[in-house]
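The structure under discussion appears below in the form of structure tokens.
The values are calculated or read from the model by the stated rules, or taken from the named source; none is laboratory data. Computed from a predicted structure; not experimentally measured. When we count neighbours, we look across all protein chains shown, and the Cβ atoms used for this are built from the backbone with ideal geometry, even at glycine. Each accessible area value is taken on the protein alone, full model and side chains, heavy atoms only, with ligands, DNA and RNA left out. Shrake-Rupley method; radii C 1.70, N 1.55, O 1.52, S 1.80 Å.
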Amino acid sequence: MSDKLLEVKNLKTYFHTENGTVKAVDDVSFTLHKGETVGIVGESGSGKSVTSLSIMRLIPMPPGEFAGGEVIWHKDDGTKENLLEIPIDRMRDYRGNDISMIFQEPMTSLNPVFTCGDQVVEALALHQGLGEAEARKKTIELFDQVKLPTPERIFEAYPHQISGGQKQRVMIAMAMSCEPKILIADEPTTALDVTVQKRILELMLNLQKEKGSTTIFITHDLGVIAEIADRVIVMYKGKIVEQGSVLDIFSNPKHPYTKGLLACRPPLHKRLYRLPTVKDFMEVKDGKIIEKISSVEEALKAVEVKPEDREARIKKMMQKEPILKVEGLKTYFPSRRNFFGKVLDYVKAVDDISFDVYPGETLGLVGESGCGKTTLGRTILRLVPAHAGKVIYKGKSILDLSKSDMKDMRRDMQIIFQDPYSSLNPRMTVGAAIIEPLQIHGILANDNERMDKARQLLETVSMQADHVNRYPHEFSGGQRQRICVARALALEPEFIILDESVSALDVSVQAQVLNLLNELQDNFNFTYIFISHDLSVVKFMSDRMVVMNRGKIEEMGDADDICYHPKREYTQRLISAIPEGRLEDIRERFERKMNG
Amino acid sequence: MFFKKKNKDQHRSESIMEKRIINFKKIKRAYYSLIILSSLYILSIFCPLLMNNQPLAVKYENAYYFPAFTDFFDGFLGKIFKFKYYNGADFGQSQETSFRELKKIFKEENKGNWVMMPPYPYGPIETPLSEFPEGVEPPTAPDAQHWFGTDTQGRDIFARASYGFFISISFGLLVTLLSYIFGIGMGALLGYFGGRLDLYGLRIIEIFSTLPFLFVMMIMVKFARPSFIFLAAMYVVIKGWIGITYYVRAEFYREKARDYVAAATAMGQSNFKIMFKHILPNALTSVITFAPFAIIGYISSLVALDFLGFGLPTPTPSWGELIQQGSNQDTKYWWIIITPLVLLFLTLTTVTFIGEGVRQAFDPKEYSRLR
């Protein structure tokens with residue numbers, strides 16, 4: 001493979017902030033050959049996105065700066081050009097034409113006031129100078145290639161009229177429109193459900209095979225890398241710690257960080273009581289990385305649960321009275337009204353759902369987005385009004401409680417939300433946020449005592465007590481989610497709904513938060529309802545599992561049973577969508593590629 | 001060790017607001033404009049003691065009198081206490097004798113009586129025609145006595161313009177404050193509760209926003225002579241709150257869907273607390289950056305009203321009235337119009353600088369555009 005396309009040599013991208021210089025990309029070198037897919041993997045803040053933005057020269061300056069290095073583009077005629085040195089006008093010719101990019105958030109990267117078709121036509125007109133009719137024809141062709149159903153209809157549709165997965169397809173069509181030599185995909189599937197992710201990855205693989213395009217695929221999830229990439233670059237704190245072919249990295253990871261990333265994804269076919277995290281594999285002392293465990297298998301074996309232990313636990317749990325009973329619960333939203341405002345038709349978000357939750361249990365709730373699982377969680381807590389049905393918590397019917405009784409009930413039932421960025425008020429210190437529930441319910445004598453409690457709680461969720469005086473923006477996503485957990489714990493609830501609480505986190509951080517939640521459950525005997533779209537995560541967390549589809553229950557039962565022997569096709573689909581990163585799968589993919 | 005630990009515990013990070021204040025201080029032009037304008041405004045509160053035809057202190061037949069302080073406190077407490085106003089008659093002269101003449105007379109008499117005048121011994125509404133030299137008719141040009149000359153009735157323009165400065169800024173601040181309180185309250189209610197309340201609330205806003213302010217004022221003036229408070233209240237009710245309500249309503253609409261609001265609801269927080277403790281601080285950004293420009297608007301519209309004669313009652317010193325006088329006069333009396341115009345220009349420019357600074361300091365997206 002001598003046909004080099006792009007060479008990144010000793011790239012250094014620094015950001016000068018008020019708190020000193022941040023070395024976002026620190027001496028990174030790699031080569032990109034024609035027709036290959038390189039995956040860059042690392043947790044947030046590892047510099048993987050900045051690397052790709054540097055190649056596009058999309059770094060805002062100031063505060064950013066290229067402190068050194070070269071990005072060398074090999075032209076077809078054999079000449080070379082350093083992309084970091086050419087004038088910005090020339091760079092614009094590269095962008096979109098030779099290198100194009102797909103961003104993480106399909107919801108916001110399409111302009112809502114233009115139709116999907118118009119946005120692709122614009123790109124075509126700009127870079128290829130096509131006329132309107134030609135561009136339209138080409139766009140519909142592209143939509144067809146990215147497997148959008150009814151390309152003509154999507155062409156006329158506005159972004160809000162199509163689903164997230166379809167939007168990402170439009171983005172891919174747009175990025176492919178000028179047949180770029182390099183496609184940079186920056187976490188293109190992170191905001192999507194696993195099932196949608198699966199389809200997008202399949203699409204990208206197919207396109208790659210058909211067009212032979214070169215891709216840089218950025219993600220925090222090694223499982224995704226296993227599905228799509230030929231080579232992997234593992235980044236940690238702005239530096240490359242390991243690179244090699246996907247097979248090598250998965251079969252024989254060398255760097256402890258890589259091992260940590262490999263081990264921290266919840267496995268589908270094993271039951272663990274805690275997930276190994278990056279911290280189990282390495283320790284950073286004085287800037288040096290010290291390895292603790294050398295083998296991934298060993299780490300996994302150490303935390304495996306014996307089947308008999310599990311059986312005993314479930315048996316013990318089921319003997320008690322259920323703490324929560326949901327009977328025939330329905331949540332409808334009006335979708336169509338007549339002239340006088342009378343409701344004609346409903347969206348049935350939750351449609352006749354019944355289940356029990358036993359004390360100390362974790363009940364998993366899994367389904368694709370839009371299946372009504374979040375609405376179900378919120379209806380149980382009466383954050384959304386129910387249409388019909390009963391929710392009985394400890395013998396009391398939640399839906400019939402008076403306002404003041406409900407206020408007392410809220411002490412017992414807490415919820416932790418999906419987005420750690422928006423669920424903390426940015427104007428309140430962490431301490432103020434944690435003591436707020438205590439103030440509302442008049443627990444403890446004064447704010448000083450409450451602050452002490454907040455410090456304790458922060459330590460409970462493995463943060464530092466002196467974080468009480470800081471504001472949420474100083475913390476990372478995982479830390480913020482811990483703060484949310486601390487806030488939920490303040491009232492010493494018995495029942496907590498975890499609504500996609502780890503979906504917005506990196507896989508490595510997700511493992512830490514999941515472990516924390518499990519530890520807390522062991523210590524305080526909480527009852528959880530754990531909601532997620534990712535079946536592997538739900539399976540790791542829960543004792544029993546409910547699979548939801550279109551507001552109804554598809555399947556309900558023991559979590560392991562459902563995973564190992566799914567009865568419904570829908571469940572099977574959810575399971576097959578999980579990027580497990582198994583060696584056999586990678587081998588098979590490589591063989592298929594070799595054979596064409 | 002103990003000391004160090006304590007220090008660490010004290011670490012308190014800056015809130016977003018504190019950060020913005022730090023940012024604002026870094027923008028020198030705006031920061032100094034704010035300092036200059038606010039110190040001038042504070043100074044202008046003491047106008048009755050600094051420029052007045054009433055003396056600061058009088059000693060007359062072994063008794064002390066403080067007429068200027070009467071004037072000063074009258075502004076705040078005049079409604080509650082009836083203060084005695086002194087004139088020449090109280091000190092053994094005719095009623096028309098001004099205190100400046102009295103000062104001369106006491107000095108000549110040399111009986112131990114004295115008068116202490118303020119640094120600038122002319123008031124804003126006094127017409128010292130008797131002190132003009134023979135044959136000189138107002139308006140008079142700037143000279144050593146009257147720094148910026150006198151107007152058509154012989155009143156001192158420097159004094160009038162300075163008092164006018166105080167009144168203008170006070171008016172701008174008061175109207176802005178009241179419209180913000182009212183507008184934020186309304187906007188919060190409409191945005192947070194939505195539904196039917198929002199529907200009817202918006203219709204009321206629409207009705208109010210179609211009221212032509214000037215015409216309404218002209219009609220009102222037919223019935224009652226507007227006072228300062230009345231004018232301010234009219235501004236708030238007819239004009240001020242509407243824009244703010246729109247902004248705040250939209251911000252509340254957006255913010256109420258955020259998870260931190262759901263989190264607060266889930267912990268049992270009351271609606272009132274959610275609205276004003278959680279959402280409001282997050283909803284204020286746009287209206288705060290808007291405030292300096294609102295103040296500018298109110299200052300200039302007060303000038304406009306006064307100019308047209310529908311503003312504050314006649315003897316009140318105001319810029320608009322001065323401009324109106326000046327524009328009716330021959331151009332050889334240029335000082336009447338130039339003084340208030342220059343002052344207006346300087347004031348508005350300074351407030352604009354402040355507004356620019358606030359906007360820049362509040363802009364979180366300075367670097368977020370890729371280029």
Q | Odd one out for A:Ile86 among (1) part of a helix (DSSP H, G or I); (2) without any contact (Cβ under 8 Å) to a residue 24 or more places away in the chain; (3) over 19 Å from A:Met176 (Cβ atoms) | A | (1)
Q | Top-ranked residue in the stretch B:84-114 [being aromatic (Phe, Trp, Tyr) and open to solvent by 20 Å² or more (accessible area, probe 1.4 Å); ranked as nearest to B:Lys59 (Cα to Cα)] | A | B:Trp114
(Q) For the stretch A:391-421, which positions are open to solvent by less than 20 Å² (accessible area, probe 1.4 Å), modelled with pLDDT of 85 or more and not in a helix (DSSP H, G or I)? (A) A:Val391, A:Tyr393, A:Met413, A:Gln414, A:Ile415, A:Ile416, A:Phe417
Q: For A:Asp452, state whether it is more than 30 Å from the chain's Cα centre (by Cα), open to solvent by 40 Å² or more (accessible area, probe 1.4 Å) and touching a residue at least 12 places away in the same chain (Cβ under 8 Å).
A: no
Q) A:Glu70: at pLDDT 80 or above, surrounded by 16 or more Cβ atoms within 10 Å (Cβ to Cβ) and either within 13 Å of A:Ile55 (Cα to Cα) or of a type in the set (Ser, Thr, Tyr) (or both), yes or no? A) yes
Q: Could you check how many residues of the stretch A:103-132 are farther than 30 Å from A:Thr51 by Cβ and open to solvent by 80 Å² or more (accessible area, probe 1.4 Å)?
A: 3
Q: Just give me the residues in the stretch A:92-102 being open to solvent by 70 Å² or more (accessible area, probe 1.4 Å) and not basic (Lys, Arg), in sequence order.
A: A:Asp93
Q.
Cβ-Cβ distance below 8 Å, separation of 6 or more or different chains: which pairs start in the stretch A:41-66 with a residue that is at positive phi and end on one that is at pLDDT below 80 and of a type in the set (D, E, K, R)?
A. none
Q. For the stretch A:152-210, how many residues meet the condition of being in contact (Cβ under 8 Å) with a residue 24 or more places away in the chain, of a type in the set (Asp, Glu) and more than 22 Å from A:Ala229 (Cα to Cα)?
A. 1
Q: Select, from B:Leu189, B:Leu177, B:Leu173, B:Leu199, the only residue that is surrounded by 14 or more Cβ atoms within 10 Å (Cβ to Cβ) and over 21 Å from B:Tyr298 (Cα atoms).
A: B:Leu189
Q: Please list, ordered by first then second residue, the pairs with beta carbon atoms under 6 Å, 6 or more apart or interchain, first in the stretch A:102-118 and under 19 Å from A:Leu192 (Cα atoms), second among the hydroxyl-bearing types (Ser, Thr, Tyr).
A: A:Phe103/A:Ser109; A:Gln104/A:Thr190
Q) Quick check, is A:Ile55 surrounded by 17 or more Cβ atoms within 10 Å (Cβ to Cβ), within 14 Å of chain B (Cβ to nearest Cβ), farther than 21 Å from A:Thr17 by Cα and of a type in the set (A, V, I, L, M)? A) yes
Q) Condition test on B:Glu18, is it modelled with pLDDT under 85, within 14 Å of chain A (Cβ to nearest Cβ) and not in a helix (DSSP H, G or I)? A) no
Q | First in the stretch A:424-437 and more than 8 Å from every other protein chain (Cβ to nearest Cβ), second anywhere and assigned to a loop (DSSP other than H, G, I, E, B), Cβ under 6 Å, 6 or more apart | A | A:Val430/A:Arg470; A:Ala433/A:Leu424; A:Ile434/A:Ala490
Q: Being surrounded by 13 or more Cβ atoms within 10 Å (Cβ to Cβ), closer than 24 Å to B:Leu312 by Cα and modelled with pLDDT of 85 or more narrows it down to one of B:Phe158, B:Phe213, so name that one.
A: B:Phe158
Q. Can you pull out the residues in the stretch A:455-491 that are touching a residue at least 60 places away in the same chain (Cβ under 8 Å) and either open to solvent by 30 Å² or more (accessible area, probe 1.4 Å) or among the acidic types (Asp, Glu) (or both)?
A. A:Thr460, A:Ser476
Q.
Pairs needed: first member in the stretch B:250-265, in contact (Cβ under 8 Å) with a residue 24 or more places away in the chain and more than 7 Å from chain A (Cβ to nearest Cβ); second member anywhere, of a type outside the set (A, V, I, L, M, F, W, C) and surrounded by fewer than 21 Cβ atoms within 10 Å (Cβ to Cβ); C-beta distance under 7 Å; at least 6 residues apart or different chains.
A. B:Glu251/B:Ser286; B:Glu255/B:Asn282
Q: Can you tell me which residue within the stretch B:275-291, out of those that are over 22 Å from the mean Cα position of the chain (by Cα) and open to solvent by less than 10 Å² (accessible area, probe 1.4 Å), is nearest to the other protein chains (Cβ to nearest Cβ)?
A: B:His278
Q: Starting from the stretch A:357-373, keep only residues that are among the aromatic types (Phe, Trp, Tyr), then list their pairs with residues that are crowded, with 20+ Cβ neighbours inside 10 Å and part of a strand (DSSP E or B) whose Cβ atoms are within a distance under 6 Å, requiring at least 6 positions of separation or different chains.
A: none
Q: Enumerate the helices (runs of 4 or more DSSP H) found wholly within the stretch A:466-548, keeping only those where 1 or more residues are more than 21 Å from B:Ala262 (Cβ to Cβ).
A: A:507-524, A:535-541
Q: Determine whether A:Thr258 is modelled with pLDDT of 85 or more and either in contact with a Cys (Cβ under 6 Å, 6 or more places away or on another chain) or open to solvent by less than 10 Å² (accessible area, probe 1.4 Å) (or both).
A: yes
Q. Applying the selection to the stretch A:334-378, what residues are farther than 30 Å from A:Tyr273 by Cα, open to solvent by less than 30 Å² (accessible area, probe 1.4 Å) and either within 14 Å of chain B (Cβ to nearest Cβ) or in contact with a helix residue (DSSP H, G or I) (Cβ under 6 Å, 6 or more places away or on another chain) (or both)?
A. A:Ala349, A:Val350
Q. Within the stretch A:186-210, which residues are part of a helix (DSSP H, G or I) and either on the phi > 0 side of the Ramachandran plot or open to solvent by less than 40 Å² (accessible area, probe 1.4 Å) (or both)?
A. A:Val194, A:Thr195, A:Val196, A:Gln197, A:Ile200, A:Leu201, A:Leu203, A:Met204, A:Leu207, A:Gln208
